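Peer 1: I have a structure here, written as structure tokens, and I will follow up with some questions on it.
Derivation of every value follows stated rules applied to the coordinates shown; laboratory data play no part. Just so it is clear, the structure is predicted and the values come from calculations on it, not from any experiment. Every residue, glycine as well, gets a Cβ built from its backbone with ideal geometry; the counts of neighbours run over all protein chains shown.
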């Protein structure tokens, strides 16, 4: 099945570059391109899209704000002439950040990054079906599989290519991404930051900028704030 892509950029020439690059990828297709992000927003509501190539600096609505308006966004690759948005963009869990002018080599690398990410998620979901019970899971740590009870987890922290699972009196480190690890957890766990997942049953207090578990204050990321506040206020 082909990767269904759309491109959003207020510059027609930039859209032509994306279109030309996508044509060179046999298993990808550009189903639509837009100079108006509002028009693209309507398309995303009504059709299935796997990947969006999205400019950041656009009139009326920036690419960053556009992503924040989407409830269940597809995978995003930002395309921009400016380096200064890199940190903020990665807080939105984008696949990649391409600087204009975009060479085909760099574009191809971004597509492969997308494929790797999607395939990894599928693998994790398969593992979840076979290794997770109702109350615990096993993680690979120090060359052995360690049993972790869900109700003993306080929060999970991302550290480069690893996650640290914080328990009451200890912690366990395992090689995994925080995005993949979230798939292994029950719904009582909430991602509140690009680097933190919390066990909501362990939260003792919260503000608009952080949650508190025991004496630990854990920050709420700007792009997660709306969903976190909605969840915490209704539970």
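Peer 1: Starting from the Cα of residue 234, move 7 Å in the Cα-to-Cβ direction to define the label point; list residues of segment 177-195 whose amide nitrogen is under 16 Å from there.
Peer 2: Output list for this probe position: 187-191.
Peer 1: If I model a spin label at residue 143 and residue 43 as a point 7 Å from the Cα along the Cα→Cβ vector, what separation in nanometres do I get?
Peer 2: Label at residue 143, label at residue 43, 5.3 nm between them.
Peer 1: Just need the relative contact order of the chain here, percent rounded to a whole number, with Cα pairs under 8 Å and 6+ apart.
Peer 2: Working: 351 pairs, mean separation 25.0, N = 235.
It rounds to 11 percent for the chain.
Peer 1: Sticking with this one: Report, in cubic angstrom per residue, the convex hull volume of the C-alpha atoms of segment 134-233.
Peer 2: Details: hull volume 9.6 nm³, N = 100.
For segment 134-233, the hull spanned by Cα atoms encloses 96 Å³ per residue.
Peer 1: Mind running the shape call on segment 3-126? Use the C-alpha gyration tensor, a ≥ b ≥ c as the square roots of the eigenvalues: rounded below 1.5 for a/c, prolate if a/b tops b/c, oblate otherwise.
Peer 2: Numbers: a/c = 1.28, a/b = 1.17, b/c = 1.10.
Since a/c stays below 1.5, the shape of segment 3-126 is classed as rounded.
Peer 1: May I ask you to derive the relative contact order of segment 134-233, considering only C-alpha pairs under 8 Å and at least 6 residues apart, and to give it as an integer percent?
Peer 2: 17 percent.
Peer 1: Between 0 and 90 degrees, rounded to the nearest ten: what's the tilt of helix 37-46 against the longest Cα principal axis of the chain?
Peer 2: Rounded to the nearest ten degrees, it is 60.
Peer 1: Between residue 187 and residue 2, what FRET efficiency follows from the Cβ-Cβ distance if R0 is 30 Å, with the result rounded to 0.05? The partial results should precede the final answer.
Peer 2: Details: r = 32 Å, r/R0 = 1.07.
Computed FRET efficiency for residue 187 and residue 2 comes out at 0.40.
Peer 1: Report the label-to-label distance for residue 161 and residue 205 in nanometres (one decimal), using points 7 Å from each Cα along the Cα→Cβ vector.
Peer 2: Going from the residue 161 label point to the residue 205 one covers 4.0 nm.
Peer 1: Here's another thing I want to ask about it. Express the relative contact order of segment 3-126 as a whole percentage, based on alpha carbon pairs under 8 Å and six or more residues apart in sequence. Could you put the intermediate results ahead of the total?
Peer 2: Numbers: 163 pairs, mean separation 26.2, N = 124.
21 percent.
Peer 1: Just from its helices, what would the mean residue ellipticity at 222 nm be for the chain, if runs of 4 or more DSSP H residues each count -39500 (n - 2.57) and the sum is divided by every residue, rounded to the nearest 500 deg cm²/dmol?
Peer 2: -9500 deg cm²/dmol
Peer 1: Let me ask you something else. Scan (1) 14.4; (2) 12.0; (3) 11.2 for the value of mean projected area of the Cα convex hull in nm² calculated from this model and give just the label.
Peer 2: (1)
Peer 1: Give me the angle, in degrees from 0 to 90, between the Cα long axis of helix 104-131 and the longest principal axis of the Cα atoms of the chain, rounded to the nearest 10.
Peer 2: Tilt of helix 104-131: around 30 degrees.
Peer 1: Taking R0 as 45 Å, what's the FRET efficiency between residue 168 and residue 84 from their Cβ-Cβ distance, rounded to 0.05?
Peer 2: Values: r = 41 Å, r/R0 = 0.92.
For residue 168 and residue 84, the calculated efficiency is 0.60.
Peer 1: List 69, 200, 170 from most exposed to least, where exposure is judged by having the fewest other Cβ atoms within 10 Å.
Peer 2: Values: 69 12, 200 18, 170 8.
Ranking 69, 200, 170 by Cβ neighbours within 10 Å, fewest first, gives 170, 69, 200.
Peer 1: For the chain, what proportion of DSSP beta bridges, expressed in % and rounded to the nearest 5, is antiparallel? Could you put the intermediate results ahead of the total?
Peer 2: Working: 30 of 49 bridges.
Taking every DSSP beta bridge with both residues in the chain, the antiparallel ones total about 60 percent.
Peer 1: I've got another one for you. Only Cα pairs within less than 10 Å get springs; with that Gaussian network setup on the chain, which residue of 144, 216, 113 has the largest fluctuation?
Peer 2: 144
Peer 1: A follow-up question, please. For segment 1-45, what does the alpha-carbon gyration tensor say about shape, rounded, prolate or oblate, given a ≥ b ≥ c as the root eigenvalues, a/c under 1.5 as rounded, and a/b over b/c as prolate?
Peer 2: Oblate.
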